[in-house]
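The values are calculated or read from the model by the stated rules, or taken from the named source; none is laboratory data. It should be emphasised that the depicted structure is a prediction, and the values quoted were computed from it without experimental measurement. Every residue, glycine among them, receives a Cβ derived from its backbone with ideal geometry; neighbour counts consider all protein chains shown. Remember, those area values only see protein heavy atoms, side chains included, never the ligands or the DNA or RNA. Shrake-Rupley method; radii C 1.70, N 1.55, O 1.52, S 1.80 Å.
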Amino acid sequence: MAIDREEIEKIATLARIKLDEQQIPQVTQSISDILALVDQMQSVDTDGVTAMANPLDATQRLRPDEVTERDERDAFQGIAPNAESGLYLVPKVIE
Amino acid sequence: MQWETVIGLEVHVQLATQSKIFSASSTQFGAEPNTQACALDLAMPGTLPVLNQQAVNYAIMLGLAINADINPLSVFERKNYFYPDLPKGYQTSQLEEPIVGPGVVNIQLPDGSHKAIRIHHAHLEEDAGKSLHEDFHGMSGIDLNRAGTPLIEIVSEPDMRSKEEAVAFAKKLHAIVTCLGISDGDMSQGSMRFDVNVSIRPKGEQTLGTRTETKNLNSFRFMEEAIVLEVERQIDLVEDGLKVKQETRLYDSDKKQSRSMRSKEEANDYRYFPCPDLLPVAIAQDHIESIRQSLPELPDAKQQRFIDSYGLSEADAAQLCDDRATADYFEIVAKETDDARLAANWIMGELSAKLNRESIAISHSPITASQLAKLLLRIKDNTISGKIAKQVFESMWQEGSDPDDIIEKQGLKQLSDSGAIETMVDEVLAQNPDMVDEYLAEQVEKKKKKKFNAIVGRVMQASKGKANPGQVNQILQQKLSR
């Protein structure tokens, strides 16, 4: 399955990845190659096989509902680019 | 043209766990910003989520309460989107294999009729943090205390046809989760939030119209307002020959307006995939059964019991069972006064009016159930009249003190000494001969009754409301019929 330029641009936007103009043909080619591999895998007959959510033959372990974390805000905010009044500051985003 | 409204709800309920869904940080509301956000909540590299057992149990309880199947193997997935209050770049949620399968919630409408609303599924997920957009020199402030708080999202089928049905459904879910004790249900703290999907179609049409989703409504009233507004907007569009666009909208409860937030085709591509950091969650049948055994009484059963054992009307029982705290409060007052009707009247009347006016939850009522019971007992033993009781209630609310102390201190004890009342009646009759004459001359039964009551009023006034109204009536009746 081939993928077109328009779709590559849309995926890049969703993933917040900036692609240079000259990168686009190469990325388009790489992803098309991957999709070709997927196509090939899809030709395998999987009727009656349940989709697998995880390759490990194991299930999730649960933890008791207890608070064991301490407040380490100062340490975390010490390495943050910008913090004030206990808040992490980020470029303004309003939808 | 006649339009039909079609509504589906997505309800986010914060689960009342101590710690977060994937980390051992506290979920307590109101802490200093970011003091309850650990390395995992901040999405630091190298951290791994570990699922909270209690969040799973709460989800199972909800599933059982709505007659849903519990998925023996449910799967967490990553819902990818970018927003600063979601530092991982994805929300850990469920999609293909949610923990709770299809179920049903029965609602009762204001006209007394019943309707079953189907639940599509309910899934576990984590809450995001909070963005504060004011006052940071053009930057936004991020508080991640809420990030990772466990939520269960309950998704209904588009089975509701009016705002009344939507509100009844939302209230019923609130009653269920508070009865189960899986959420505190405190809407003012965001413990329950609604996304409303609304579409319209010509009456009789079978296919659904294009829907919009209004997000993040945090009260029943705002939800109702948003529905009214959206239905009007869509009808206007269609009647002007335009099309409803599928989009997400935000409702501004101050301005009573809504606006488009983003169009679906652009941003709604969340690229879900199974979360590689979490294994499938297996739930054994015997675990489900043991939870089933320990389920508390659910709102429908409670309502029926209130009707059967307290003799309440269906409407009263329904109102009292709206939330667990009110039902518990009622049961204490009813038991301590041995008068369910009186208890119900006061709780639904005086108390709830006062709580509403001051926006206080009944669980934080300044008058406890036992104190109210004590006050009502004073009405029953004729220490005070119902009218004076309202005055005492007011003082109890202000001062938080014992009703007996207030009655004593303010000298409000009801006057039941028939000699003293008789003296008062005589005085009033002597001072108001014209009223007496008018009463005696009146022929029309209804008017006569009114004039009689006016004289009773004067006597009550003279006694500063303390005379026993029954006795005043009786004595006055005797005097005037001579």
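Of the residues B:478, B:461, B:471, only one is touching a residue at least 40 places away in the same chain (Cβ under 8 Å) and part of a helix (DSSP H, G or I); which? Please lay out each step first, then the result.
Working: B:478 fails: touching a residue at least 40 places away in the same chain (Cβ under 8 Å); B:461 fails: touching a residue at least 40 places away in the same chain (Cβ under 8 Å).
Within the list B:478, B:461, B:471, the selection yields B:471.
Closer than 28 Å to residue B:170 by Cα, open to solvent by 60 Å² or more (accessible area, probe 1.4 Å) and not small (Gly, Ala, Ser), is that true of residue B:211?
On the way: closer than 28 Å to residue B:170 by Cα: yes; open to solvent by 60 Å² or more (accessible area, probe 1.4 Å): yes; not small (Gly, Ala, Ser): yes.
Criteria met by residue B:211.
If the requirement is being among the basic types (Lys, Arg) and in contact with a helix residue (DSSP H, G or I) (Cβ under 7 Å, 6 or more places away or on another chain), which of these qualifies: B:115, B:130? Outline the logic, then answer.
Details: B:130 fails: in contact with a helix residue (DSSP H, G or I) (Cβ under 7 Å, 6 or more places away or on another chain).
Going through B:115, B:130 in turn, just one is among the basic types (Lys, Arg) and in contact with a helix residue (DSSP H, G or I) (Cβ under 7 Å, 6 or more places away or on another chain): B:115.
Which of the residues belonging to region B:416-463 are more than 29 Å from residue B:381 (Cα to Cα), exposed (fewer than 15 other Cβ atoms within 10 Å of the Cβ) and of a type in the set (A, V, I, L, M, F, W, C)?
B:430, B:440, B:441, B:444 - these are the residues of region B:416-463 that are more than 29 Å from residue B:381 (Cα to Cα), exposed (fewer than 15 other Cβ atoms within 10 Å of the Cβ) and of a type in the set (A, V, I, L, M, F, W, C).
I need every pair where a residue in region A:38-60 that is away from chain B (no Cβ under 14 Å) has its Cβ under 8 Å from the Cβ of a residue that is hydrophobic (A, V, I, L, M, F, W, C) and part of a loop (DSSP other than H, G, I, E, B), sequence separation at least 6 or different chains.
Taking only residues 6 or more apart or on different chains, the pairs are A:39/A:1.
With respect to residue A:35, determine if the residue is more than 10 Å from every other protein chain (Cβ to nearest Cβ), open to solvent by less than 50 Å² (accessible area, probe 1.4 Å) and hydrophobic (A, V, I, L, M, F, W, C). Full working, then the answer.
Values: more than 10 Å from every other protein chain (Cβ to nearest Cβ): yes; open to solvent by less than 50 Å² (accessible area, probe 1.4 Å): yes; hydrophobic (A, V, I, L, M, F, W, C): yes.
Yes.
Which residues, taken from region B:50-69, are open to solvent by 20 Å² or more (accessible area, probe 1.4 Å), more than 22 Å from the chain's Cα centre (by Cα) and either touching a residue at least 40 places away in the same chain (Cβ under 8 Å) or facing another protein chain (nearest Cβ under 8 Å) (or both)?
B:50, B:53, B:54, B:57
Condition check ((1) of a type in the set (Phe, Trp, Tyr); (2) assigned by TED's automatic domain parsing to the domain that holds residue B:100) across all residues:
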| residue | (1), (2) |
| --- | --- |
| B:210 | no, yes |
| B:219 | no, yes |
| B:272 | yes, yes |
| B:276 | no, yes |
| B:306 | yes, no |
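Among the residues of region A:73-95, what is the count of those that are of a type in the set (Asp, Glu) and either touching a Cys at 6+ places or on another chain (Cβ under 7 Å) or within 7 Å of another protein chain (Cβ to nearest Cβ) (or both)? Reasoning before the result, please.
Narrowing region A:73-95 to residues of a type in the set (Asp, Glu): A:74, A:84, A:95.
Of the ones still in play, those that are also either touching a Cys at 6+ places or on another chain (Cβ under 7 Å) or within 7 Å of another protein chain (Cβ to nearest Cβ) (or both) are A:84, A:95.
Counting residues in region A:73-95 that are of a type in the set (Asp, Glu) and either touching a Cys at 6+ places or on another chain (Cβ under 7 Å) or within 7 Å of another protein chain (Cβ to nearest Cβ) (or both) gives 2.
Looking at this structure, is residue B:376 open to solvent by less than 70 Å² (accessible area, probe 1.4 Å), touching a helix residue (DSSP H, G or I) at 6+ places or on another chain (Cβ under 7 Å) and part of a loop (DSSP other than H, G, I, E, B)?
So residue B:376 does not fit the description; no.
Do any strands (runs of 3 or more DSSP E) entirely within region B:93-186 hold 1 or more residues that are surrounded by fewer than 21 Cβ atoms within 10 Å (Cβ to Cβ) and within 14 Å of another protein chain (Cβ to nearest Cβ), and if so, which?
Numbers: elements: B:103-108, B:114-126, B:130-136, B:139-143, B:150-156.
In region B:93-186, B:130-136, B:139-143 are the strands (runs of 3 or more DSSP E) which contain 1 or more residues that are surrounded by fewer than 21 Cβ atoms within 10 Å (Cβ to Cβ) and within 14 Å of another protein chain (Cβ to nearest Cβ).
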